[in-house]
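Working notes, beginning with the structure itself.
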Amino acid sequence: MKIGILTSGGDCPGLNAVIRGAVLNGIKTHNLEFVGFRDGWRGVVEGDIIDLPRQAVRGISKQGGTILGTSRTNPFEGNGGPDAIKATLERLGIDAMIVIGGEGTLAAAKRLTDAGLKIVGVPKTVDNDLDATDYTFGFDTAVQIATEAIDRLRTTGESHSRCMVAEVMGRHVGWIALHAGMASGAHAILIPEQQTSVEQIAEWVTEANDRGRAPLVVVAEGFVPAHLDQAHSERGLDTFGRPRLGGIADQLAPEIEARTGIETRATVLGHIQRGGVPSAFDRVLATRLGMAAVDSVVDGLWGTMVSLHGTEIARVGFDAALGNLKRVPQHRYDEAAILFG
């Protein structure tokens, strides 16, 4: 049996560990053959593949990024579509696919599965926003990177008695902001799930300043202030029609300074949160998911995704994975809010 592996969407620490776990388990346990599609769905549509023998995955679990490359190609545009992809897979002798990706990638995988293709999914997103898994690999690494960066912003903020606003990733959920904000002792944490007025933010900043602190604000890229209806987006749409978010910190900083009189600076961490080596937690989780994905292929569990439930690896349908975003619950935000004072 010949299996094709692809990584699609935004890159993420731990992708290489998934590839390694899948290939080693498939070869050693099930005597399978593997190829990798270059640059995500583009490689599938164009039939651009590389062989993945055991030696190709040696030592890659500690590497960031993905050895296969990735893209945000829509497999239903251009020369894509179920019939064309089926023909390409048949021509290459590929029996099934392991698709590693987030919401957009798995939504495309579900459509292709519904059209008769044999696909097993692996959840991938630094945002930790897929509802059918407790954690996604890459999230732990992103939080660690964000926390270290915010710690560094605090020291320069204290040196100049400035308010520092740090923007982190997360799209429409606030998990990175919540965890990194709590870990770094932020004086305000702003997340998409909780609308907050600029006046309230200014009050938190003023209270921290009055206590002799250099105020620290952590904001998720998808945060929507109380006076707005949607997240700040000025970079158009991606290939799946979703807005490219980012820049809310640059909008908030001058507002905070105008209301408080405190010199305020904004820093957008951006793609630095995706880069570098994965944490030990993410390497282990990614390896387990890769191994489990191969087992699902052998069992013929098409249209399912491997996931983490508690400490165990489970299988869920694509419908469950795509049903709802895993948003930060109110009680978790309330825990963080206690620390603001």
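Computed from the coordinates by the stated procedures, all read-outs in this text should not be read as laboratory data. A quick note: this is a predicted structure, and the numbers were derived from the prediction, not measured. Cβ atoms come from the backbone with ideal geometry, glycine included; neighbour counts cover every protein chain shown.
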In terms of Cα to Cα distance under 12 Å, which aspartates and glutamates are near enough to K2, apart from those fewer than 8 places away along the same chain? E33, D51, E90, D95
Students often forget the sequence filter, so: which lysines lie under 25 Å Cα-Cα from K62 once same-chain residues fewer than 8 apart are removed? K28, K124
Given the C-alpha centroids of segment 155-177 and segment 196-224, what is the distance between them in whole angstrom? 10 Å
What does the convex hull of the Cα atoms come to per residue for segment 113-183, in Å³? 96 Å³
To the nearest 10 degrees, how steeply does helix 248-260 sit against the main Cα axis of the chain, on a 0 to 90 scale? 10 degrees
Size of charge dipole - segment 36-101 - debye, nearest 20, with Cβ of Lys, Arg +1 and Asp, Glu -1, no other charges: 360 debye
Compute the long axis of helix 175-184 from its Cα atoms, compare it with the longest principal axis of the Cα atoms of the chain, and write down the angle in degrees, 0 to 90, nearest 10. 50 degrees
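Take the Cα radius of gyration of segment 11-65 and divide it by 2.2 N^0.38 Å, with N its residue count; two decimals is plenty.
Compared with the compact-globule rule of thumb, segment 11-65 sits at 1.14.
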Could you give me the percent of Cα pairs per 10 Å distance bin for the chain, shortest bin first, beginning at zero and ending with the bin that holds the maximum distance? 6, 26, 30, 20, 12, 5, 1
